[in-house]
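All of the numbers you see were taken from the coordinates with simple rules; none came from a lab. Since we're looking at a predicted model, the values are computed, not measured. Quick reminder, even Gly has a Cβ in these numbers, built from the backbone with ideal geometry, and neighbours come from all protein chains shown.
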Amino acid sequence: MDPQPPQTPSTSSDVRTWCVLCHASALLGLFFHFLGHILGPLAVWLLKRGDSPEIDAHGKESLNFQISMLIYDAIAAILCIFLIGIPILIALWVANTVLVIIASVKASEGKFYQYPFTIRLIK
């Protein structure tokens, strides 16, 4: 079952800020490779999930997407043996960066963004 988006846009700027950080903290992976994409959203979600259902939903969505991307990266890394994995890894990196930025912007507008191609492991 997909996480339920908030029914109305958030009016609290504090909640919006934490929702944005749930997504934008994944960009730490650009500086801290491998688990950086997961550790940022995980830390924000664990610290703030009890404060608001919106933060909880955004955190779960961000984490599910980053875990999915980690799985896709692992498959692409294996495919590097056949050289096809290299362009796939590049495409995944670009897609991850672009989709995180889109989700961050939507969260700043008080909207919920569902990432495409996400395996929903955290419910």
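With contacts taken as Cα pairs under 8 Å and at least 6 residues apart, the chain reaches a relative contact order of 35 percent. The Rg/Rh ratio of the chain, with both radii computed over alpha carbons and Rh defined as the Kirkwood radius, is 1.00. Computed about the Cα centre, the dipole magnitude for the chain is approximately 60 debye when only Lys and Arg (+1) and Asp and Glu (-1) carry charge, each at its Cβ. Express in whole angstrom the spacing between the alpha-carbon centres of the range 73-112 and the range 14-33. Each part reduced to its Cα centre gives a spacing of 15 Å.
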